[in-house]
Amino acid sequence: MAERVEQRLEDRIPELEQLERVGLFSRTEIRAVLRKASALEYKIQRRALRKEDFINYIQYEIRLLELIKKRRARIGYSFKKDEIEHSILHRVHSLFNRATGKWKDDVQLWLSHVAFCKQWNAKHQLSKVFSTMLAIHSNKPELWIMAAKWEMETRLSSESARHLFLRALRFHPECPKLYQEYFRMELLNAEKQRKEKKAFEKAKMDLGEFNYSEEILNGEMAGIVYRNASQKIKGVEFQLAVLSIAKLFDFTQDLQKEILENLQSNHADDPLTWDYLARRELGLGALQPSEHSTKQQKVSELARREERCGAVFDEAVRAVPTEDMWKCYITFCLERYNRKTNSEELKQKRLERTLSVFSKAHESNVLPEALYKQWGTLPLWTLWVEWSEGTKSKEDTEALYQRSLHATTPAESVTMKEMYLGWTYRNCGYKKAKRVFTSLCENRPFSLDFFRKMIQIEKEQESCKMLHLREYYERALREFGSTDTDLWLDYIKEELNHPQGKPENCGSIHWRAVKMLQGDQVEDFISKYTLLQTGHL
């Protein structure tokens, strides 16, 4: 073992000599590196290997690379990278390969190698990592998706991405997420080629040699993916998912129409279909924003669109008179009622519609017990505190908010907490809002919007403190960290973008997210995190 360690240390000598020769490291620092490397080498040459020893060695080498990068920037020296960084990178890849070879089932170890390759732009090595990883973990669709997206977005190879998706579908022929991402990839490829062709035509270039396929340009490849998927994957959720993807592209009108027709013909008895069709009215026929439009015109237009939504829901509960259908209708009414508006007329219409739907659901004997409780107290309390905000003193209004928290059920108190926090900040300022937030945190339950509201309040301050944002994110993650991927991603973005953020914390946040999230949420998080790393989110 000693001979092997000595040999590996001797292999480091050329890079260390270069570091000293060009003035990046002192002789004392070189000796310290050798001592540390020697200790790390002995640990990974033992008979009883430990994964932690490999991870520590890898982390040390990465920190060394980052230190070299900083010192290069400080002294303005950019030469001899082949002799210095190349050998360190090679060593890190070798350590990762040994570790993943020994602990093949540790997906996080593989993902760490993937992240390292991306960070240091090791494209050739990353291809090998993906290939080996997928051969071992072919049962994990999210890894196939990650590899295919990298081929499409980084290597700009739609053919390789398509090949990976097709291979993945042989292992997972009924995986909705795979089909959704394959569908998205084909549309992205079509959009990319359409832009290229338009640019070439604008420049009056000969397109003969480029051979653009009308089938791809029109999104027909995505249509084929959709039709094949529809034969294998039943259920309205998949149809709505691909429809939402198609709506992101401005050349998919025919495809959207096809999906919508299938939705209506094959899933007419599903409440989710009606819920989508009703909510769709909010965006149909909307007036284009105009500087000449008055506030009253905008409010009237919004009221008309909400009326159209209500008309579709009315038809829905006649066609599908189930508890779930009524629940969709009531949920929509409550969402609109809770939206902020300065129009008393619109607010009154929303309240009347909400109470009317509650009443009709009760008459039909399909109102769930949980919604009965909301019907009996929450609208009254919200109306009461809103009235108090406009007519009473701050002290009276605050006392009323405090009463509402004790008088409403725990589920209903969630809404009151959000309103109380927002009112406090608007009327009493940041410090009081922070005290109210802390006191409210002593009693569950909470909504995610409650925490997001406090985060937004902090971000609106001139001296927005990352220490406070971390506190709010950590509190929110304790409540919603197992179900909400966007919360984790927003936390990571804060660490990356805030002046007081620590980008080095992102790795541990990623690790915690993968451990805490459940089921498909893990795939969704990994997918979005990859987009964030590549600048697409």
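The values are calculated or read from the model by the stated rules, or taken from the named source; none is laboratory data. Because the structure is predicted, anything quoted here is derived from the model rather than measured. Glycine also receives a Cβ, built like all others from the backbone with ideal geometry; neighbour counts cover every protein chain displayed. Quick note on the areas: whole protein, heavy atoms, side chains included, nothing else; ligands and nucleic acids left out. Shrake-Rupley method; radii C 1.70, N 1.55, O 1.52, S 1.80 Å.
Taking (1) of a type outside the set (A, V, I, L, M); (2) within 16 Å of LEU64 (Cα to Cα); (3) modelled with pLDDT of 95 or more; (4) out of contact with any Asp or Glu (no Cβ under 8 Å at 6 or more places or on another chain) in turn, ARG91 satisfies each apart from (4). One residue stands out among those in the range 486-522 that are open to solvent by less than 30 Å² (accessible area, probe 1.4 Å), within 15 Å of the chain's Cα centre (by Cα) and of a type outside the set (A, V, I, L, M, F, W, C): the one that is nearest to ARG184 (Cα to Cα), which is HIS510. Kindly establish whether GLN231 is open to solvent by 70 Å² or more (accessible area, probe 1.4 Å) and assigned to a helix (DSSP H, G or I). Yes; evaluated as a whole, the condition is true for this residue. Looking only at the range 1-35, count every residue that is of a type in the set (D, E, K, R), open to solvent by 50 Å² or more (accessible area, probe 1.4 Å) and closer than 20 Å to LYS81 by Cβ and tell me the total. Number satisfying all stated conditions: 5. Residue count for the range 314-355, restricted to those that are over 23 Å from TRP387 (Cα atoms), of a type in the set (Ser, Thr, Tyr) and part of a loop (DSSP other than H, G, I, E, B): 1.
Tell me, yes or no, whether the range 291-304 has at least one residue that is within 25 Å of ASP270 (Cα to Cα), modelled with pLDDT of 90 or more and open to solvent by 80 Å² or more (accessible area, probe 1.4 Å). No.
Residue under question is ASN97, and the condition is that it be free of Cβ contacts under 8 Å to residues at least 24 places away in the same chain, in a helix (DSSP H, G or I) and either within 22 Å of LEU532 (Cβ to Cβ) or open to solvent by 30 Å² or more (accessible area, probe 1.4 Å) (or both); does it hold? Criteria met by ASN97. Per this entry, LEU240 is not counted among residues that are closer than 23 Å to LEU263 by Cα, touching a residue at least 12 places away in the same chain (Cβ under 8 Å) and assigned to a loop (DSSP other than H, G, I, E, B). Taking interchain pairs and intrachain pairs at least six residues apart, which have beta carbon atoms under 6 angstrom, with the first residue in the range 23-51 and under 18 Å from PHE96 (Cα atoms) and the second surrounded by fewer than 14 Cβ atoms within 10 Å (Cβ to Cβ)? Matching pairs, first to second residue: GLN45/MET1; GLN45/ARG4. Being modelled with pLDDT of 90 or more, farther than 28 Å from THR331 by Cβ and open to solvent by less than 70 Å² (accessible area, probe 1.4 Å): is that true of LEU263 here? No: the conditions fail for LEU263.
Residue-by-condition table, conditions (1) over 23 Å from GLN518 (Cα atoms); (2) among the charged types (D, E, K, R); (3) touching a Gly at 6+ places or on another chain (Cβ under 6 Å):
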{"residue": "VAL436", "(1), (2), (3)": "yes, no, no"}
{"residue": "LEU440", "(1), (2), (3)": "yes, no, no"}
{"residue": "ARG444", "(1), (2), (3)": "no, yes, no"}
{"residue": "PHE450", "(1), (2), (3)": "no, no, no"}
{"residue": "GLN456", "(1), (2), (3)": "yes, no, no"}
{"residue": "LEU469", "(1), (2), (3)": "yes, no, no"}
{"residue": "PHE480", "(1), (2), (3)": "no, no, no"}
{"residue": "LEU487", "(1), (2), (3)": "no, no, no"}
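Screening ALA476 on (1) open to solvent by less than 20 Å² (accessible area, probe 1.4 Å); (2) free of Cβ contacts under 8 Å to residues at least 24 places away in the same chain; (3) under 29 Å from ALA399 (Cα atoms) shows it passes everything except condition (2).
None of ARG46, ARG74, ARG63 is open to solvent by 80 Å² or more (accessible area, probe 1.4 Å), assigned to a helix (DSSP H, G or I), out of contact with any strand residue (DSSP E or B) (no Cβ under 7 Å at 6 or more places or on another chain) and modelled with pLDDT under 95 except ARG74.
Show me the helices (runs of 4 or more DSSP H) found entirely inside the range 139-224 where at least 2 residues are basic (Lys, Arg) and either touching a residue at least 12 places away in the same chain (Cβ under 8 Å) or farther than 22 Å from LYS128 by Cα (or both).
Details: elements: 141-153, 158-171, 176-202, 214-217.
Fully inside the range 139-224 and qualifying: 158-171, 176-202.
Screening the candidates GLY223, GLY219 for the property of being under 27 Å from the mean Cα position of the chain (by Cα) and at pLDDT below 95 yields one hit, GLY219. Would you check if there is a residue in the range 524-534 being of a type in the set (Ser, Thr, Tyr) and modelled with pLDDT of 90 or more? No, the range 524-534 contains no residue that is of a type in the set (Ser, Thr, Tyr) and modelled with pLDDT of 90 or more.
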